[in-house]
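Step one of this worksheet: look at the structure below.
The values are calculated or read from the model by the stated rules, or taken from the named source; none is laboratory data. Note that the coordinates shown come from a computational prediction; the quantities given were computed from them, not determined experimentally. Here the Cβ positions follow ideal geometry from the backbone for every residue, glycine too, while neighbour counts run over all protein chains shown. Please note that ligands, DNA and RNA were not included when accessible areas were found on the heavy atoms of the full protein model with its side chains. Shrake-Rupley method; radii C 1.70, N 1.55, O 1.52, S 1.80 Å.
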Amino acid sequence: MMNQNADMSEKEIMTDILSSQKQITGMYNTFANECSAPAVRDEFMNLLNEEHQIQADVFSEMQKRGWYTAENAEQQKIEQAKQKYKNAQ
């Protein structure tokens, strides 16, 4: 069997990893939200935290390499978002 990653660039592999991490954190978040056993929920929360850290590390590495750019939000838009969600509470 051929190595499927042989045809993928490093950027494509990192993009795939980042996408996978986003899916994994989404699943762990759902599992933690729906868990009724405190010990199991705590373990899911630990796993969720670890997966978020992996996602942040991959994102940071991609940014350093210029493969993922994100513009900083304008302060006014940040304040608007904060107000919107503060009012939702």
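Annotation: Cα Rg of the chain relative to the compact-globule expectation 2.2 N^0.38 Å equals 1.46. Once you order the gyration tensor axes a ≥ b ≥ c over the Cα atoms, which shape class does the stretch 7-53 get: rounded for a/c under 1.5, otherwise prolate or oblate by comparing a/b with b/c? Prolate shape, in that a/c is at least 1.5 and a/b is the bigger ratio. Only lysines eight or more places from Lys64 in sequence, or on another chain, were considered; those with a Cα closer than 17 Å are Lys11. Which lysines does Lys77 reach when only Cα atoms under 21 Å apart count, and residues fewer than 8 places away in its own chain are ignored? Hits, sequence-local ones excluded: Lys86. Each Lys and Arg Cβ is given +1 and each Asp and Glu Cβ -1; about its Cα centre, the chain then shows a dipole of about 460 debye.
To put it simply, the accessible area of the chain at a 1.4 Å probe is 49 percent carbon and sulfur. Per residue, the chain exposes 83 Å² of accessible surface when a 1.4 Å probe is rolled over the protein heavy atoms with every protein chain present. Sorted on the mean count of surrounding Cβ atoms within 10 Å across their residues, most packed first, peptides 12-18, 82-88 read 12-18, 82-88.
Ranking Asn33, Gln21, Ala81 by how far each Cα lies toward the positive end of the dipole of the chain (charges on Cβ) leaves Ala81 at the top. The stretch between Tyr68 and Ser19 holds 16.4 nm of extra length on full extension. This uses 0.36 nm per residue minus the Cα-Cα distance.
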